[in-house]
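First up is the structure itself, then whatever we jot down about it.
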Amino acid sequence: MKEFLRRIKLVDNLTTELNIQKSEFIKTFKAHVDEGSTGFMSDAFDVFSSSKNEYKGHVGYDNFKIKRRRRFFDMNMNLAVASGTYKQKENHLIIETEINGFSGMMIPFYIFALIFYSIFIVTFSFADNIDGNGAGFVLPFILIHAAFMFGIPYFMMRRSTKRMAHELEREFFYMTKEHTPYNTRYE
């Protein structure tokens, strides 16, 4: 499943190398992330939080799992969750991050929509119409509507993954702005 999500660009990897010590980075990273859950329903009351931190989740000594906090009047759907590890190599810190934009709540939606549109298409195909070609007239509209209903959530998740990768790259740099980033690349 993970490989399929990678192919359709809902899961992405980001490897960042910074010129900083691991303990110093973790201390700074923890200061920028509020402790909290990264589950689907965990952001329901985020808009009422008074915290200035942009991210919430868990930051440990060997790994992290974070997501962007929802803000009041924020139109961006922040669906992506970033989890990763960091390793110290001499005086460079290597951060390997996996960004997952696919939400488990989308599985029931896609199953329900697939069943609904299948029943709808089959019903209109076998319906008795006055003219005899009513199904041919309605079928393209049903297919266009289905394309929007399947496509819009997919593109929202894909954009969320891409945006999270860009924001994390930027945030890692600014968390260590007194240090210069050595190398950042995507895998």
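The values are calculated or read from the model by the stated rules, or taken from the named source; none is laboratory data. Bear in mind the structure is a predicted one, so any value in this text is a computation, not a measurement. Quick reminder, even Gly has a Cβ in these numbers, built from the backbone with ideal geometry, and neighbours come from all protein chains shown.
Yes or no, residue by residue, for (1) in a helix (DSSP H, G or I); (2) within 30 Å of Phe64 (Cα to Cα); (3) at pLDDT 90 or above:
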site	(1), (2), (3)
Ala113	yes, no, yes
Phe120	yes, no, no
Phe124	yes, no, no
Gly136	yes, no, no
Ile142	yes, no, no
Leu168	yes, yes, yes
Glu171	yes, yes, no
Tyr174	yes, yes, no
Checklist entry - Within the group Asn63, Asn53, which residue is modelled with pLDDT of 90 or more and closer than 21 Å to Phe173 by Cα? => result Asn63
Checklist entry - When you look at Asp34, is it modelled with pLDDT of 90 or more and under 22 Å from Met175 (Cα atoms), yes or no? => result no
Checklist outcome for this item: Quick count over the stretch 77-111, residues being touching a residue at least 12 places away in the same chain (Cβ under 8 Å) and in a loop (DSSP other than H, G, I, E, B), is 10
Next on the checklist: Suppose we keep only residues that are aliphatic (A, V, I, L, M) and at pLDDT 90 or above within the stretch 94-108. Which one would you say is nearest to the chain's Cα centre (by Cα)?
Outcome noted: Ile99
